[in-house]
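The structure appears below as structure tokens.
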Amino acid sequence: MTDKTEISLYLAAPRGFCAGVDRAIKIVELALQKYGAPVYVRHEIVHNKFVVDGLREKGAVFVEELDDCPDDRPVIFSAHGVPKSIPAEAARREMLFVDATCPLVSKVHIEAERHHQNGLQMAMIGHAGHPETIGTMGQLPEGEVLLVETPADVEKLQVRDPKKLAFITQTTLSIDDTAEIVAALKARFPAIVGPHKEDICYATTNRQEAVKAMAPLIDALLVIGAPNSSNSQRLVEVGRAKGCAYAQLVQRATDIDWRALDGVRAVGITAGASAPEELVEEVIAAFKARYVVTMELVETAKERVEFKVPRVLRESA
């Protein structure tokens, strides 16, 4: 006999690492193999403390600025992308640098460049202060990319020429919130040019869709991810918007508020794009220690995307 109560766990699929995060982590690991420690990384390679701490133990040194790096050690730029001035400064200092920018973020950078060459000013839908937004806006001269965070920002937007305007977006936003801002931009600037293909990346979209599919089945949602991870925070918001009375971001199993789950019979579990599967397994194990658990997968897509690491590291590997 057991006095444990029963609980159903619904696991979202896809969840956790995306191809861009996977590639960025591999880049740091391969650089450590090829060049030895220390290898410097400008900004957290991905937004996850567990991952960053693991790489730090292997010899990665995380810094916020290029000024904090010596000239004679390799430096890696994070998956979120960097302003153009950063690689230019690294080249000026004759540093060995490897760019781990996610290829889907690079796609937005190329798009911004193209709009600029066509004489268009840009509105960027994104979050102020997020490294991806800083990196994308930093691809072009000051004033060429204007940040909008809400439909209200669209009303206040001062543009050079309403007929020569395009929009781009951060790759990790909520699809539904972004759609509202896009609608506001199109209403105010009918001639605005949008991306050929959605800027919000496949992984962000897929993880949000899985949460939407899971929401009607659960009483509570746990999103495993870091507080500074945009895509993880969006998953919590999507859960709440779809009627999850309790949706919480947890970094690890130790962060779970068990009292808040009192009386809950069905819990959804997902993980942001920079959270490793190990942490999902840790959370499941914590539930199994307290409850009689039944598990079900809620799968809305299969991901087969892979991104190659830069050639300079493939050669050594």
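Just to verify a result, which residue in region 240-258, among those that are in a helix (DSSP H, G or I) and more than 13 Å from I224 (Cα to Cα), is farthest from the chain's Cα centre (by Cα)?
Narrowing region 240-258 to residues in a helix (DSSP H, G or I): 240-241, 253-255, 258.
Going one step further and asking which of them are more than 13 Å from I224 (Cα to Cα), we end up with 240-241, 258.
Details: R240: 19, A241: 20, W258: 27 Å.
That would be W258.
Criterion first (touching a Gly at 6+ places or on another chain (Cβ under 6 Å), modelled with pLDDT of 95 or more, of a type in the set (A, V, I, L, M, F, W, C) and within 25 Å of D22 (Cα to Cα)) does A79 satisfy it?
Working: touching a Gly at 6+ places or on another chain (Cβ under 6 Å): yes; modelled with pLDDT of 95 or more: yes; of a type in the set (A, V, I, L, M, F, W, C): yes; within 25 Å of D22 (Cα to Cα): yes.
Considered against the rule, which asks whether it is touching a Gly at 6+ places or on another chain (Cβ under 6 Å), modelled with pLDDT of 95 or more, of a type in the set (A, V, I, L, M, F, W, C) and within 25 Å of D22 (Cα to Cα), A79 comes out as yes.
Quick check: anything in region 153-167 in contact (Cβ under 8 Å) with a residue 60 or more places away in the chain and not acidic (D, E)? Spell out the reasoning first.
If we filter region 153-167 for residues that are in contact (Cβ under 8 Å) with a residue 60 or more places away in the chain, which is where we start, we get none.
The answer is no, given that none of the residues of region 153-167 is in contact (Cβ under 8 Å) with a residue 60 or more places away in the chain and not acidic (D, E).
Would you check if there is a residue in region 259-271 being at pLDDT 95 or above, more than 15 Å from A13 (Cα to Cα) and within 23 Å of the chain's Cα centre (by Cα)?
no
Can you pull out the residues in region 62-82 that are surrounded by fewer than 17 Cβ atoms within 10 Å (Cβ to Cβ) and either under 21 Å from the mean Cα position of the chain (by Cα) or part of a strand (DSSP E or B) (or both)?
Initial filter on region 62-82 (surrounded by fewer than 17 Cβ atoms within 10 Å (Cβ to Cβ)): 63-65, 67-68, 70-73.
Within region 62-82, V63, E64, E65 meet the criteria.
So how many residues does region 40-58 have that are touching a helix residue (DSSP H, G or I) at 6+ places or on another chain (Cβ under 7 Å), without any contact (Cβ under 8 Å) to a residue 60 or more places away in the chain and in a helix (DSSP H, G or I)?
2
Among the numbered conditions (1) surrounded by fewer than 21 Cβ atoms within 10 Å (Cβ to Cβ); (2) β-branched (V, I, T); (3) closer than 21 Å to V108 by Cβ; (4) touching a residue at least 40 places away in the same chain (Cβ under 8 Å), tell me where T150 comes up short.
T150 satisfies all of (1) surrounded by fewer than 21 Cβ atoms within 10 Å (Cβ to Cβ); (2) β-branched (V, I, T); (3) closer than 21 Å to V108 by Cβ; (4) touching a residue at least 40 places away in the same chain (Cβ under 8 Å) except (4).
Is one or more of the residues making up region 107-119 in contact (Cβ under 8 Å) with a residue 40 or more places away in the chain and touching a Lys or Arg at 6+ places or on another chain (Cβ under 7 Å)?
Checking region 107-119: at least one residue is in contact (Cβ under 8 Å) with a residue 40 or more places away in the chain and touching a Lys or Arg at 6+ places or on another chain (Cβ under 7 Å).
Which condition breaks for N228 when tested against (1) buried (at least 17 other Cβ atoms within 10 Å of the Cβ); (2) part of a loop (DSSP other than H, G, I, E, B); (3) in contact (Cβ under 8 Å) with a residue 60 or more places away in the chain?
Among (1) buried (at least 17 other Cβ atoms within 10 Å of the Cβ); (2) part of a loop (DSSP other than H, G, I, E, B); (3) in contact (Cβ under 8 Å) with a residue 60 or more places away in the chain, the lone unmet condition for N228 is (1).
Of the residues that sit in region 120-136 and are touching a residue at least 24 places away in the same chain (Cβ under 8 Å) and part of a loop (DSSP other than H, G, I, E, B), which one is surrounded by the fewest Cβ atoms within 10 Å (Cβ to Cβ)? Walk me through it before giving the result.
Restricting attention to region 120-136, the residues satisfying the condition of being touching a residue at least 24 places away in the same chain (Cβ under 8 Å) are 120-127, 130-136.
Next, from what is left, pick out any that are part of a loop (DSSP other than H, G, I, E, B): 120, 126-127, 130.
Working: L120: 20, G126: 27, H127: 15, H130: 18.
Among those residues, the one meeting the criterion is H127.
Here are E155, E132: which of them is of a type outside the set (S, T, Y) and over 19 Å from the mean Cα position of the chain (by Cα)? So that I can check it myself, show each step before the final result.
Values: E132 fails: over 19 Å from the mean Cα position of the chain (by Cα).
When all the criteria are applied, what remains is E155.
Regarding region 279-296, can at least one residue be identified that is among the aromatic types (F, W, Y) and buried (at least 17 other Cβ atoms within 10 Å of the Cβ)?
Taking region 279-296 first, the residues among the aromatic types (F, W, Y) are 287, 291.
Still in the list and also buried (at least 17 other Cβ atoms within 10 Å of the Cβ): 287, 291.
Within region 279-296, one or more residues are among the aromatic types (F, W, Y) and buried (at least 17 other Cβ atoms within 10 Å of the Cβ).
If L173 satisfies all but one of (1) over 17 Å from I269 (Cα atoms); (2) assigned to a helix (DSSP H, G or I), what's the number of the condition it fails?
It fails just one condition, (2).
Being farther than 18 Å from S8 by Cα and of a type in the set (S, T, N, Q) is the filter here, so list the residues in region 215-258 that pass it.
N228, S229, S230, N231, S232, Q233, Q251, T254
The values are calculated or read from the model by the stated rules, or taken from the named source; none is laboratory data. For clarity, every value in this text was computed on a predicted model and none was experimentally measured. Using ideal geometry, Cβ is built from the backbone for each residue, glycine included, and neighbour counts are taken over all protein chains shown.
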